[in-house]
Structure formats: C-alpha cells, structure tokens
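What follows is a set of notes on a single structure, which appears directly below.
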Amino acid sequence: MNIVNNIKQKKRKLIKWEGKKESLSEKAILYSDSICRITAVRGSVYKVRFGENVGHELNKARPAIVVSSTDFNKKRSGLVVVVPLTENLQYDKDGKVPKYPWHYFLYKKDHDFLRLDSTVECEQIRCINRNRIIKYMGNLDHEEMEKITKKLHSFLG
C-alpha cells in the first residue's frame, strides 16, 4: 500500500509542477528579449527552480553553479548550463574524499552564501532556461572552478 501512496503523491507533485512550468514558459515567451540580457557568469551560484523530476534527477529549488562559458551565456538563446548542489555529502570508505570521482565538496565555512556543506553533482549537469533562475547567491573562485571542470571531465570521459 505504501508504493501506491508514493505513486499518488508523486503524481500530485508532477501536476503541481506542470502549472508552475506553464507559468515559466509563458514568461520565457513574453519576456524573452529582456531575460536574454541577463548574463550568468561562469562560476556564479544561483538558486534554481529545477521542479519536480523523474527518478534520481534532482528536484525542487536548490543552488546550482553556472559551468557554461560567460560568452555562451551572453547569447540570445536564454540558456545556461548548470551543475546542481545537494546537501547530501557522500564520503569514500576512508571518510576523507567524495565517494564518486565526479563529485566535489563545497564547505559553508568557505562560502557564506551556502546554508550547509554541499556536494557539486557533476552527473546532474543540466541546460536550463534562465527563467528557472530564482536569485543570485555568490561566486566560486577560479581555482575551485578549475577543480569542478576537472570533475566534469572525469564524468564525461
């Protein structure tokens, strides 16, 4: 019976998200010229509305790092490539480094804009419309972006 309840709950969440997604789509059409003037700079961290997704895809509003080049982000397409963060830190068996080679940890002590320590999940890379961006949170420095880029390359092969 628990599985049936989980399915019903997921259906309700998907229906609710569909309404929000319609609103985002309308804004993308109505305000495409003004939205495209907003430039998301590589290394910026934004709170992003990912919505209700399927399976192990990350859901809800959460921080994400802009990984696409600033030049790409200036184009009139209104798209930006991001990697989401999760507050779920998974360590390897020694408890010192991330469990997966394509994960990278960001610590609240180094980034006052984070609520908690977070994992950059490079396997969850997404190309999103800028309408999904809720608000600016902060920036990562060049050194950290280089490390994250290496993690992305590790994942992508």
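Were the residues from residue 153 through residue 72 laid out at 0.36 nm apart, the gain over their Cα-Cα distance would be 27.3 nm.
For residue 79 and residue 4, the FRET efficiency from 1/(1 + (r/R0)^6), where r spans their Cβ atoms and R0 equals 35 Å, is about 0.35.
Checked against a 26 Å cut-off, the cross-linked pairs 74/99; 47/75; 60/151; 109/135; 8/108; 8/99 give Cα-Cα distances beyond that limit for 74/99; 8/108; 8/99.
For region 75-157, the spread of Cα coordinates along the three principal axes comes to 46, 32, 22 Å, biggest extent given first.
In this structure the amide hydrogen of residue 137, modeled in the peptide plane, comes within under 5 Å of the amide hydrogens of 45, 46, 47, none closer than 5 places in sequence on its chain. Once the Cβ-Cβ distance of residue 135 and residue 91 is raised to the sixth power relative to R0 = 25 Å, the FRET efficiency obtained is 0.25. Kindly state, to the nearest 0.05, the FRET efficiency for residue 107 paired with residue 127, given R0 = 25 Å and r defined as their beta-carbon distance. So the FRET efficiency works out to roughly 0.35. By a 1.4 Å probe calculation restricted to protein chains, residue 16 has an accessible surface near 140 Å², given to the nearest 10. Note on residue 13 and residue 117: their simple-model spin labels are 2.6 nm apart, each label 7 Å out from Cα toward Cβ. For the pair residue 142 and residue 56 in one chain, pulling the backbone fully straight at 0.36 nm per residue adds 28.0 nm over the alpha carbon distance.
The values are calculated or read from the model by the stated rules, or taken from the named source; none is laboratory data. In this text, all values refer to a predicted model and were calculated from it rather than measured experimentally. Glycine gets a Cβ as well: all are built from the backbone with ideal geometry, and neighbour counts include every protein chain shown. These area figures cover heavy atoms from the full protein model, side chains too; ligands, DNA and RNA do not enter into them. Shrake-Rupley method; radii C 1.70, N 1.55, O 1.52, S 1.80 Å.
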